[in-house]
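Just below is one structure, and these are the notes that go with it.
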Amino acid sequence: QVIKCKAAVLWEANKPFSIEEVEVAPPKAHEVRIKIMATGVCRSDDHVVTGGLVMPFPIILGHEAAGVVESVGEGVTSIKPGDKVIPLFVPQCGECNSCLSTKGNLCSKNDLSSGAGLMPDGTTRFTCKGKAIHHFMGTSTFTEYTVVHESAVARIDSAAPLEKVCLIGCGFSTGYGAAVQTAKVEPGSTCAVFGLGGVGLSVVIGCKVAGASRIIAIDINKDKFAKAKELGATDCVNPKDFKKPIHEVLIEMTTHGVDYSFEVIGHTETMAAALACCQYNYGVSVIVGVPPAAQKISFDPMLLFTGRTWKGSVFGGWKSKDSVPKLVADYMKKKFVLDPLITHTLPFTKINEGFDLLRTGKSIRSVLV
């Protein structure tokens, strides 16, 4: 039956979240209803608030979470009530060309490209005050209960601490995968990471796990440097400390540029700088930050002609349903840490405070429980 619960509804852009009572419909065929236990505050959610990422309103945001299955719709075989799960904002249908390719991971059933804000069948499972509320990227985790498609949920180890592994639902996997999966950083290489939020620091962890010998962390907020060093950065650079463009500073520091660079902010100027700072012939630059809507980038094509590779990475290049359980298992085996990324744990009703911490640069990841 319908569940009444609390959710953080965003009625319009540039307004605070409003904690409302919502009705959550039961799962239809091939859908799963999840009780959300922990959800992270990610910059991509804030991009919707500010209008940088265009989505329909009213909407329930949130896409980085972990929870427990409450009920399943008809035909769901891979998951049962009581299972611990992570919702997947990049689904894995197993049938589209990206899912079938060994090179791809951005399933065509994703809602990132269409931005419709609805379930795959074109309807919503949320109502509030008699109004239909949109979903966000097929997940909508800023609510006590949510409904997702079976292709957009992964069952994980029942012993995993949900208030930590929720980061594997977005921020950690996105950054870590950009290094180990998309760029395939090799031992002994030199890397530059632009932006030291939760995702940027996860790139640092990935570069370190991959054996990079030099990891240069770049941010205009020097308060982020201690944490970056703790997680493996060898050098920390603040572009504000230099008169010359940051890519020139990095080329001087490394003599010929870095082997791999990562843009984890979502600004076109830093994307261009990240490309320019990597080695002119075999350097690889990866765009990890969500680009702002309606912005174009212009660059000198000679930067690519000499051999550089410029690529993007969504969800770290991982095939979500296959990889998320493995990443949780790696965390349980202590292959990497998540705890240093979580700076604040807040009750769900303090969601606006969590976003203020993000916007003022005081948090890396706030987890709402």
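Can you compute log10 of I(q)/I(0) for the range 68-195 with the Debye formula, treating each Cα as one identical point scatterer, at q = 0.20 Å⁻¹? Summing over Cα pairs of the range 68-195 leads to -1.32. Here, the range 183-312 has an Rg and a Dmax of 13.4, 38 Å when only alpha carbons are counted. Average accessible surface for the range 1-119: 42 Å² per residue, computed with a 1.4 Å probe over protein heavy atoms with every protein chain in place.
Straight-line reach from Lys362: taking Cα to Cα under 19 Å and skipping same-chain neighbours fewer than 8 places apart, the aspartates and glutamates in range are Asp45, Asp46, Asp219, Asp223, Glu230, Asp339, Glu353. For the chain, the longest principal axis of the alpha carbon atoms and the long axis of helix 198-209 meet at an angle near 60°.
Comparing Glu74, Glu23, Glu144 in a Gaussian network model of the chain, where Cα atoms under 10 Å apart are tied by springs, the biggest mean-square fluctuation is seen for Glu74.
If I take all pairs of Cα atoms in the range 273-346, what percentage of them are more than 18 Å from each other? Here the tail beyond 18 Å accounts for 62 percent of pairs.
Rounded to the nearest whole Hz, the Karplus-based 3J(HN,Hα) values (6.51 cos²θ - 1.76 cosθ + 1.60, θ = phi - 60°) of the range 116-125 follow the sequence 6, x, 9, 5, x, 7, x, 10, 10, 9, with x at glycine and proline.
Highest mean packing comes first when the peptides 325-338, 32-45 are listed by Cβ atoms within 10 Å, giving 32-45, 325-338.
For the range 19-30, the Karplus equation 6.51 cos²θ - 1.76 cosθ + 1.60, evaluated at θ = phi - 60°, returns couplings of 7, 10, 8, 10, 9, 10, 5, x, x, 7, 4, 6 Hz by residue, with Gly and Pro reported as x.
Most tightly packed first, judged by the mean number of other beta-carbon atoms within 10 Å of their residues, the peptides 56-63, 180-187 read 56-63, 180-187. Using the structure shown, list the pairs from Lys84/Lys334; Lys224/Lys319; Lys208/Lys333; Lys80/Lys326; Lys229/Lys334 with a Cα-Cα distance above 22 Å, or answer none. Correct reply: Lys224/Lys319. Listed values for the range 56-69 are Karplus-derived 3J(HN,Hα) couplings in whole Hz (6.51 cos²θ - 1.76 cosθ + 1.60, θ = phi - 60°), namely x, 10, x, 8, 9, 7, x, 8, 10, 7, 8, x, 10, 5, and x replaces Gly and Pro. Here the accessible area of the range 183-312 is 57 percent carbon and sulfur, with a 1.4 angstrom probe and all protein chains present. For the pair the range 283-334 and the range 161-181, the centres of their Cα atoms are 13 angstrom apart.
Taking the Cα atoms of the range 119-162, the ratio Rg/Rh between the radius of gyration and the Kirkwood radius comes to 1.04. Overall form of the chain: prolate. Here a/c, set by the Cα gyration tensor axes a ≥ b ≥ c, is 1.5 or more, and a/b is the larger of a/b and b/c. The protection proxy used here, the mean number of other Cβ atoms lying within 10 Å of each residue, ranks peptides 294-302, 78-86 as follows, highest first: 78-86, 294-302. Centre-to-centre, using Cα atoms only, the range 1-34 and the range 229-255 are separated by 44 Å. Under 5 Å from the amide H of Gly283 lie the amide H atoms of Thr309, each residue being 5 or more positions distant or on a separate chain, with H modelled from the backbone and absent for Pro and chain starts.
Of interest is the spacing of the C-alpha centroids, which for the range 348-369 and the range 262-277 amounts to 25 Å.
Every helix of 4 or more DSSP H residues in the chain counts as -39500 (n - 2.57), and over all residues that averages to -6000 deg cm²/dmol at 222 nm.
The values are calculated or read from the model by the stated rules, or taken from the named source; none is laboratory data. Computed from a prediction, not measured in an experiment: that's the story for all the values here. Here the Cβ is made from the backbone with ideal geometry for all residues, glycine too, and neighbour counts use every protein chain on show. Note: accessible area is taken over every heavy atom of the protein model, side chains too, but ligands, DNA and RNA are not part of it. Shrake-Rupley method; radii C 1.70, N 1.55, O 1.52, S 1.80 Å.
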